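Working notes, structure below.
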Amino acid sequence: MKTINLILGNHNHQPVGNFNFVFENTYQKSYKPFLEILEKYKYIKFNLHYTGCLLEWIEKNHPEHIYSLKRLAEEKRIEIQSGGFYEPIMPSIPDKDKDIQIKKLNKYIEDKFNVTPQGAWIAERVWEPTLVKNLAKNGVKYIMLDDSQFLTTGIDTKNMFGYFITDNENYKLNIFPISQELRYLIPFREVDKSIEYLKSIATEEGDRVVVLHDDGEKYGDWPGTQKWVYEDKWLEKFFEALTKEKDTIITTTYSEYMAKYSPISKIYIPAGSYEEMLTWVLPAKIQDEFHSKQEELKKSQDNDVISRFMRGGFWRNFFSKYSESNRMNKRMIFASNMIGEITESNYKEKEEALSYLLRGQCNCPYWHGTFGGLYLNNLRHATYSNLIKSTFISLEKVYGRKYFLSHSSDFDMDGREEVMISSENSFIVFHSLSGSIIEWDLKKENPINLIDCLKRREEAYHIAALRNANNENEDNRHVSIHEIAKKVDEKVAKYLVFDKNEKVFGVDHFLNKMPTAEEFQLLKYEENAEFYKSYYNAVENLINKDYATISYEKTSKVNGKDIYLMKRYIVNNDGSFYVESIIENKSNEDIEFIYALENNMTLLAGQEADRYYIGGDKRISNNLSYCGEYNGTVFGMADEGYIKVKILMEASEETEFLYMPNFTISDAVDKLEMNYQNSTIVCCKKIYLKANEKIKYKVKVTAKDI
């Protein structure tokens, strides 16, 4: 009799910083009903991986779910996998933190479920061969990766119905291939299609195994699946079919299968991830071209051939593609290094700082694909908030209270040194690109990086959506989220513009005429110099007990004439600072222009009524999604509800302040959506300079508690 072993598994995860209602909705729509149905089918073995951040939430809000998992584990009906507690992309964090993340989830599983995990889930299946050591030395015996990652080794697809063994530095690890065939069948096609496929690969020897281990959220939480999986009873039909075919299709766990069968062979899988991830990391136009070529080849080539020979990019290039992701990653590494400076005598504080760091390593905001990820400012905020808490604990324990420090290092690893000014109240990072500030952290009850903003970039899905704009016949029923066709809503199409410069604080623009706020927002202004994208020379970095001075200089042509700019920051030990711009006409001719100092800051929820712009001493908007101009000397923005802070900019002379929201248009599973990322405040000053004349323009910036 022909039989086939089937390993079924769910990976369940919600990121650190996701809204509580999202946790609750996903629990009610996916995690809860799935487990309730699984419990009814005693002949079906299943594998479950829950990330630590999700388990913590479930334990607090639905402890009955934990009890059910424990009972099923004791009855050996399920096997529970470990991994990184807060679901980090393992290759992107320091080795010492990899070990801590794995050990933490191992211990949680042992304490709550009374089992010792044997396997681990690799976040987003982002694999690099050096991970073998970190996993194996922490008790992990097996992992699972996409079958497409195996194809790159040249293995015959007919020999992928088993598991393989790999090694590194005298450590070994078993690896199971996840079937792409099943990933696209379950639960998106009729049940009989999956049963038919499984029977087609059964053999008389009965030693084969096929694995489906994928996102648990696709059972009820992905678009259209609530009705399909539960109301139309797809899941019950599937489990009924497996029960009926239990003598042919044998559901099992990873450990049970390994106990019966040996690995097929040794294998060394190169760095990679699942196919979609390797596509998302590519630049937009290359990604679109890559996808088009894939579709073209699928018409004439076997899919396995395409997967084997046509690969996308490398996950770490998200740090190249998105400067914001890179800065966040390097900020995390800085926080990790600071913890290493704390002495063992401060054990309690060191553990507290470490707990925040681990939360700040959750992978979701560090990359972007079909899910919002980097584009979700609540996730970025949670990451920065945890990293800020960790860093402030470390700084105080290393340097004592009342510290005021200047550090210089290549903070973002771009080959240029940055300057960091640390005090009890704030942490500021200065960059030579346009002499700007790339990070401004406030130490508060709800810590925030005020410059956690996002540049508007062209993405491959923008290109595809515009291509699909006139196609109204797309059928998105019962398809994977990777197959959903999206279109651009006419209401948001006007905001589909792409920034020329980083969305940071203190970017210098030289314009021919005064723009309106909307013109600046939609990039309908004429730039006549390249200060905004130039690297400045650092000429001063001094500090005493009261203030620090950081200065940059640059000479560039404005309308063909040489203009010298000296930009000096004076940072007080209370965290407030001045931006002083000294502009000198180095030519022998008079010149007239608009100097525009662009400042990007975030108070997170731009549409909320407790967040608004301030002109002079008055509130001038209902929220931060307004766009307009204000003439005066004092302008700012405030948040009365969450961060409870007021940011004020006080100019040395009358200034035209342009204020506007920065909206991004991003991929959100089933549609393209417009999201507020931050506010942009531009200080505009009309300047007339005679030959060899110079002028000084100064802005004081303060953050005040409300």
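The values are calculated or read from the model by the stated rules, or taken from the named source; none is laboratory data. Keep in mind that what you see is a predicted model, and the values were worked out from it rather than measured. Positions of Cβ are generated from backbone atoms using ideal geometry, with glycine treated the same way; all protein chains shown enter the neighbour counts. These area figures cover heavy atoms from the full protein model, side chains too; ligands, DNA and RNA do not enter into them. Shrake-Rupley method; radii C 1.70, N 1.55, O 1.52, S 1.80 Å.
Please note which strands (runs of 3 or more DSSP E) are completely contained in segment 617-706 and include at least 1 residues that are closer than 26 Å to Lys500 by Cα, among the polar types (S, T, N, Q) and out of contact with any Asp or Glu (no Cβ under 6 Å at 6 or more places or on another chain).
Per the criteria, 645-667, 672-689.
Among the residues of segment 173-194, count how many are within 17 Å of Phe161 (Cβ to Cβ) and either open to solvent by 50 Å² or more (accessible area, probe 1.4 Å) or part of a helix (DSSP H, G or I) (or both).
6
So, in segment 272-322, of the ones that are among the polar types (S, T, N, Q) and buried (at least 20 other Cβ atoms within 10 Å of the Cβ), which residue ends up nearest to Thr152 (Cα to Cα)?
Across segment 272-322, the extreme among qualifying residues is Ser307.
Which one of the conditions (1) part of a strand (DSSP E or B); (2) touching a residue at least 24 places away in the same chain (Cβ under 8 Å); (3) surrounded by fewer than 20 Cβ atoms within 10 Å (Cβ to Cβ); (4) not aromatic (Phe, Trp, Tyr) does Met413 fail to meet, given that it meets all the rest?
(1)
Sort through Asn378, Asn386, Asn363 and tell me the only one that's surrounded by fewer than 18 Cβ atoms within 10 Å (Cβ to Cβ) and over 30 Å from Ser556 (Cβ atoms).
It is Asn378.
Inside segment 136-193, can you point out the residues that are among the aliphatic types (A, V, I, L, M) and farther than 23 Å from Gly216 by Cα?
Passing the criteria: Ala136, Leu151, Ile155, Met160, Ile165, Leu173.
Looking only at residues that are out of contact with any Gly (no Cβ under 9 Å at 6 or more places or on another chain) and part of a loop (DSSP other than H, G, I, E, B) in segment 114-131, which one is most open to solvent (accessible area, probe 1.4 Å)?
Asn114
Can Lys2 be described as surrounded by 15 or more Cβ atoms within 10 Å (Cβ to Cβ), at pLDDT 95 or above and at negative phi?
no
Filter segment 433-462 down to the residues that are open to solvent by 10 Å² or more (accessible area, probe 1.4 Å) and more than 21 Å from the chain's Cα centre (by Cα) and list them by number.
Leu433, Leu442, Lys443, Lys444, Glu445
Has segment 12-35 got any residue that is charged (D, E, K, R), surrounded by fewer than 16 Cβ atoms within 10 Å (Cβ to Cβ) and farther than 26 Å from Ile178 by Cα?
Yes, there is a match, as at least one residue in segment 12-35 is charged (D, E, K, R), surrounded by fewer than 16 Cβ atoms within 10 Å (Cβ to Cβ) and farther than 26 Å from Ile178 by Cα.
When the residues of segment 621-635 are filtered to those that are buried (at least 16 other Cβ atoms within 10 Å of the Cβ) and free of Cβ contacts under 8 Å to residues at least 40 places away in the same chain, which remaining residue is nearest to Leu603 (Cα to Cα)?
Residue satisfying both the conditions and the ranking: Asn623.
So, in segment 55-92, of the ones that are aliphatic (A, V, I, L, M), under 18 Å from Ser355 (Cα atoms) and crowded, with 23+ Cβ neighbours inside 10 Å, which residue ends up nearest to the chain's Cα centre (by Cα)?
For segment 55-92, the residue satisfying everything is Ile89.
Do any helices (runs of 4 or more DSSP H) entirely within segment 208-289 hold 3 or more residues that are of a type in the set (Ser, Thr, Tyr) and closer than 25 Å to Gln149 by Cα, and if so, which?
Once the helices (runs of 4 or more DSSP H) in segment 208-289 are filtered for at least 3 residues that are of a type in the set (Ser, Thr, Tyr) and closer than 25 Å to Gln149 by Cα, what remains is 254-260.
With respect to Tyr564, is the statement that it is closer than 16 Å to Gly506 by Cα and either open to solvent by 20 Å² or more (accessible area, probe 1.4 Å) or touching a Gly at 6+ places or on another chain (Cβ under 8 Å) (or both) true?
So Tyr564 fails the test.
What helices (runs of 4 or more DSSP H) completely inside segment 292-394 contain at least 1 residues that are closer than 19 Å to Ser273 by Cα and not β-branched (Val, Ile, Thr)?
Once the helices (runs of 4 or more DSSP H) in segment 292-394 are filtered for at least 1 residues that are closer than 19 Å to Ser273 by Cα and not β-branched (Val, Ile, Thr), what remains is 303-309, 318-321, 323-340.
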